[in-house]
Every structure is written in structure tokens, then in C-alpha cells.
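Take a look at the structure set out below.
The values are calculated or read from the model by the stated rules, or taken from the named source; none is laboratory data. These numbers come from a predicted model, not from an experiment. Counting neighbours? That spans all protein chains shown, and the Cβs are built from the backbone with ideal geometry, glycine included.
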Amino acid sequence: MKNKKSGSTVHLITELAKPLCDELGLELWDVKFEKEGTMWYLRVFIDKDMGINIDDCEKFSRPFNKLLDETDPISQSYVFEVSGPGLGRELRKPEHFERFIGEKIRIRFIRARNGEKEVCGTLIGFSKPNITVRFDGMEEDEIISLSECAYVKLNDDEDLFDI
């Protein structure tokens, strides 16, 4: 089950992690397999309704680490990390966007848009590949293609940007 492509590695790890998350009453928020410097990192983000704690990470990490050893899905060496998505969690999947409609978000554009590189607003809707946002202080909604965005995150600090 060896694999070299990051995208298919993420898919493989997602398929392995989802049943364990379901069994433990956790939500598999995201999986990332990324290189930083010379090291590869396998990061599994878990969540649950009232948030997670270190015990939840441990309850997932121990059996999943064993499963990774048994199935050996990644050919190169890597560091395995388990954590929660955090308050300023990145929205990447359709279910993330759908779940947080009506919430404040922070968008970082790949290229400045209307002179702004990073903006805040309220997520009004999602229809792949676009999100609908009402920017703070504006009356009209704006449709933004996700291809224009470096990231879309929940805005965990409303005072950070006064737009």
C-alpha cells in the first residue's frame, strides 16, 4: 500500500482514519501530508461538538499509530501529529463551508483584490467552487471563487481586522 503522491496519500489516510473517528465519536476534520524543510508531516485534525482535548487526541493517536504501522501506507519517513482544527480553523471541504454559513470568516486572497490581500466578512452561502460573502459594512453579497483564495478560515479574532 505504498504511495508517493501527497494527494492520494491524504485520500488513503482519510479512508483509514474515518472509521476510527466514527468509532470514537469524533469528526475527521482534515488530513494534510506536507513537506516542511526536509521533513514530511502527516497531520490529522479531529473535532467533536464541544471541542477536543488532549485525551481525545491520545485516544485517536494510539490506535491510529498502530494502524499506520500495520498498513504502512507512506513510503518515506514522516512525523505524525494529531490535533484539533483550532478556533481559526481552515474551511476546505464543502461540509466545512455548509456547516459555518452565517459565521464570520477571514479570507486571504492569492492576489490582492480591490487593493486588499486579507478581508473579513460573513459566510452567506456555498456553491462549489464559490462562496458568497457579505463583507463587514457592506449591504450587498459578493460571490468569490475559491480559486482566488489562499485560504478561508473562521475569524477567531474580530478585532484583528477593521474593514
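Points to keep in mind about this one:
- Any chance VAL82 is touching a His at 6+ places or on another chain (Cβ under 9 Å) and not basic (Lys, Arg): no
- Residues in segment 105-130 that are touching an Asp or Glu at 6+ places or on another chain (Cβ under 9 Å) and buried (at least 16 other Cβ atoms within 10 Å of the Cβ): ARG106, ILE107, PHE109, VAL119, CYS120, GLY121, THR122, LEU123, PHE126.
- Qualifying residue in segment 43-62 (condition: outside any helix (DSSP H, G or I), among the hydroxyl-bearing types (Ser, Thr, Tyr), farther than 24 Å from LYS153 by Cβ and out of contact with any Asp or Glu (no Cβ under 6 Å at 6 or more places or on another chain)): no
For (1) closer than 30 Å to GLU15 by Cα; (2) touching a Ser or Thr at 6+ places or on another chain (Cβ under 9 Å); (3) free of Cβ contacts under 8 Å to residues at least 60 places away in the same chain; (4) not assigned by TED's automatic domain parsing to the domain that holds LYS32, each residue gets a yes or a no:
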site	(1), (2), (3), (4)
LEU68	yes, no, yes, no
ASN114	no, no, yes, yes
GLU118	no, no, yes, yes
GLY125	yes, yes, yes, yes
THR132	no, no, yes, yes
ASP136	no, yes, yes, yes
GLU139	no, no, yes, yes
GLU142	no, yes, yes, yes
GLU148	yes, no, yes, yes
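- Restricting attention to segment 35-61 and to residues that are out of contact with any helix residue (DSSP H, G or I) (no Cβ under 8 Å at 6 or more places or on another chain) and of a type in the set (A, V, I, L, M, F, W, C), the residue that is surrounded by the fewest Cβ atoms within 10 Å (Cβ to Cβ) turns out to be MET50.
- Residues of segment 62-92 satisfying the condition of being exposed (fewer than 12 other Cβ atoms within 10 Å of the Cβ) and under 20 Å from GLY51 (Cα atoms): ARG62, LEU87
- Test: residue in segment 22-29 that is within 19 Å of ALA150 (Cα to Cα) and surrounded by fewer than 14 Cβ atoms within 10 Å (Cβ to Cβ): no
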